[in-house]
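Just below is one structure, and these are the notes that go with it.
The values are calculated or read from the model by the stated rules, or taken from the named source; none is laboratory data. Small disclaimer: the values here were computed from a predicted structure and weren't measured. We place every Cβ from the backbone using ideal geometry, glycine too, and count neighbours over all the protein chains shown. Heavy atoms of the whole protein, side chains included, go into the accessibility calculation; ligands, DNA and RNA do not. Shrake-Rupley method; radii C 1.70, N 1.55, O 1.52, S 1.80 Å.
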Amino acid sequence: MADTLAGPVPEVPDAVPEFPMPRSSRCPFDPPPGLKDLQAETPLTKVRLWDGSEPWLVTRYAEQRAILGDSRVSADTDEPGYPTKASPEAGEGKLSFIMMDDPEHARLRRMVTAPFAIKRVEALRPAVQRIVDDLIDDMLAGPGPVDLVEAFALPIPSLVICELLGVPYEDHAFFQDHTKTMVHRDASPEERGRASREVAMYLAGVIGQRLAEPKDDLLSSIAGRIEAGEIDHQQATEMALLLLIAGHETTANMIALGTLALLQNPDQLALLRETDDPKLVASAVEELLRYLHITHLGRRRAVTADIEIAGQVIKAGEGVIMVNEIGNRDPDVFPDPDRLDITRDARRHVAFGFGNHQCLGQPLARMELQVVYGTLYRRIPTLKLAGVLEDVRFKEDAFIYGVHELPVAW
């Protein structure tokens with residue numbers, strides 16, 4: 001492909017606008033057909049964003065991994081060419097270390113790595129199992145149908161991340177309400193900004209308490225970094241805000257959306273319901289992460305030095321957008337990619353990204369999903385959708401894809 005495309009540059013496709021767009025009418029779990037067409041044509045194509053900029057859209061798996069693993073690309077939103085998601089008035093800014101480059105990115109990330117190490121996460125598994133079992137007990141004891149989002153999917157990651165951070169769980173409703181506003185497409189810039197500031201103020205207060213009276217939790221560890229002079233209070237607050245939001249919003253959506261996908265694929269649900277093999281449960285988690293990739297804004301980077309990839313030179317100062325939901329549906333890597341197959345080896349998916357910015361919390365998310373998917377359908381073997389798929393409201397109005405409610409019965 002030549003550096004300059006012949007003819008007009010296309011507008012950004014339906015799945016990579018400022019906000020998620022409606023799924024294919026054929027299947028609410030599939031990327032829009034336009035993206036699949038682009039992927040079949042070329043791994044790289046220029047698109048036009050809201051501000052007239054023309055970054056490269058990267059549609060194929062191999063090229064996405066290559067770019068995400070290249071030190072010549074930057075996650076810093078201040079770099080020339082970075083493809084911003086919205087106008088400055090919308091309040092888009094840096095979200096702690098995930099929008100920084102090394103060495104500062106690595107320095108800050110190391111401060112919160114230990115609690116998410118696999119051994120530390122596995123030590124939490126019995127506690128997560130108790131949480132899941134208790135919530136299922138509550139559902140079975142109450143009247144039906146129930147909204148699985150409210151009764152099950154939201155409380156699990158909220159309980160876990162509050163426990164990990166050291167945030168009182170009685171405040172979880174405050175966080176859920178405010179994070180809904182922060183990721184809602186139709187919320188005004190002022191509303192999103194106000195919600196973010198109020199959560200940040202709360203966390204700053206808790207960090208202040210931990211400075212005075214440390215406890216055995218992650219916020220106390222972060223507060224200790226302030227005392228050591230490694231970060232200031234604002235950096236600590238930004239770090240805590242990132243971990244809190246990332247720790248429950250995405251996992252909650254995966255729990256509900258994954259359940260709906262399994263209900264729509266009863267053969268796969270039967271395999272999962274009837275197994276006691278933890279390897280198959282783990283395989284199901286990886287396949288659902290591949291199949292459902294729930295962040296549809298694309299991973300965005302700015303190129304700081306010329307890169308040649310797939311026969312195309314991406315020049316310094318140009319932006320790139322990796323559309324991971326279509327990268328995870330690349331037929332060259334995942335045969336018959338639009339089919340949900342929990343026996344597939346899907347561990348190479350890019351749902352958590354790739355390279356030095358790969359998701360810090362992925363061990364925790366995997367463990368939570370393994371407990372959920374390995375427990376819910378065995379304990380409620382007759383679980384079913386209370387109603388029809390056409391009545392389910394999908395989160396076309398949010399940054400993170402999922403369902404608003406999921407009425408279920410048994």
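Quick check for you: with a 1.4 Å probe and neighbouring chains kept, what is the accessible area per residue of the chain, in Å²?
It amounts to 42 Å² per residue over the chain.
For Asp276, Asp217, write out the residues from largest to smallest accessible area, computed with a 1.4 angstrom probe and no ligands counted.
Asp276, Asp217
So how exposed is His296, as accessible area in Å² (1.4 Å probe, rounded to 10)?
Around 10 Å² of this residue is reachable by solvent.
Roll a 1.4 angstrom probe over the protein heavy atoms and tell me the percent of accessible area of the stretch 43-160 that is carbon or sulfur.
56 percent
Net charge near Glu227, counting Lys/Arg +1 and Asp/Glu -1 over other residues with Cβ under 13 Å of its Cβ?
-1
Give the calculated FRET efficiency between Asp37 and Ala270 to the nearest 0.05, with a Förster radius of 35 Å applied to their Cβ-Cβ distance.
0.55
Given Ile207, Ser283, Ser158, which one lies farthest toward the positive end of the charge dipole of the chain, if we put +1 on the Cβ of every Lys and Arg and -1 on the Cβ of every Asp and Glu?
Highest projection toward the positive end goes to Ser283.
Ignoring ligands, DNA and RNA, what percent of the accessible area of the stretch 244-366 is carbon or sulfur (1.4 Å)?
50 percent
From largest accessible area down, sort Ser188, Ser158; use a 1.4 Å probe on the protein chains.
Largest to smallest exposure gives the sequence Ser188, Ser158.
How far apart, in nm, are the 7 Å Cα→Cβ label points at Glu150 and Leu389?
2.5 nm
Can you classify the stretch 171-287 as rounded, prolate or oblate using the Cα gyration tensor, where a ≥ b ≥ c are the square roots of its eigenvalues, rounded means a/c under 1.5, and otherwise it's prolate if a/b beats b/c and oblate if not?
Oblate, since a/c reaches 1.5 and b/c is not below a/b.
Span-like helices, the chain: DSSP H, alpha-carbon axial extent 20 Å or more, mean Kyte-Doolittle -0.5 or greater, which ones?
Flagged H segments are 125-141, 189-212, 233-263, 278-292, 362-379.
With the Cα gyration tensor of the stretch 169-209 giving a ≥ b ≥ c as the square roots of its eigenvalues, does the rule (a/c under 1.5 for rounded; else a/b larger than b/c for prolate; else oblate) give rounded, prolate or oblate?
It comes out oblate by the Cα gyration axes.
For every other residue with a beta carbon closer than 11 angstrom to the beta carbon of Pro55, add +1 if it is Lys or Arg and -1 if Asp or Glu, then tell me the sum.
Spelling it out: positives minus negatives among the neighbours equals +1.
How do Met367, Met99 stack up against each other in accessible area, from largest to smallest, with a 1.4 angstrom probe?
Descending accessible area places them as Met99, Met367.
Once you have a ≥ b ≥ c as the square roots of the Cα gyration tensor eigenvalues for the chain, tell me rounded if a/c is under 1.5, and otherwise prolate or oblate according to whether a/b is larger than b/c.
Cα axes put the chain in the oblate bin.
Summing +1 for each Lys or Arg and -1 for each Asp or Glu, what net charge is found among the other residues whose Cβ lies under 9 Å from the Cβ of Val320?
For residues surrounding Val320, the net value is +2.
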